[in-house]
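Trainee: My questions all concern the structure below.
The values are calculated or read from the model by the stated rules, or taken from the named source; none is laboratory data. Values in this document were obtained by computation on a predicted structure and should not be read as measured data. A quick note on method: Cβ atoms are made from the backbone with ideal geometry, for glycine too, and the neighbour counts reach across all protein chains shown. Calculation scope for accessible area: heavy atoms of the full protein, side chains included, ligands and nucleic acids excluded. Shrake-Rupley method; radii C 1.70, N 1.55, O 1.52, S 1.80 Å.
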Amino acid sequence: METYLNFMLIRFGLIAAVLVVVALLVIAVALVLKRRGRLDQARRYADPAARAALRAATRRMTGGRGQGGGRG
């Protein structure tokens, strides 16, 4: 049982470390884009993808039922 708990603790630590590294990379990229004056351009490119991802997540959470999106 102790071995299993150690494994779970190590796994949690690795996942947390990966999330921290990803967050730091996102912040670093945003700072570089801001300094070069291209943050607004990056937002314009990322906005449609973010909206599509949110729509897909909403569809997945509602079990495939949309928000009355005009079908049928």
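Trainee: For the structure I just gave you, tell me whether L9 is out of contact with any Phe, Trp or Tyr (no Cβ under 9 Å at 6 or more places or on another chain) and either among the charged types (D, E, K, R) or open to solvent by 90 Å² or more (accessible area, probe 1.4 Å) (or both).
Mentor: yes
Trainee: Right, here's the next one. Only residues that are open to solvent by less than 90 Å² (accessible area, probe 1.4 Å) and in a helix (DSSP H, G or I): list them for segment 32-54, please.
Mentor: Scanning segment 32-54 gives V32, L33, L39, Q41, A42, A46, D47, P48, A49, A50, A52, A53.
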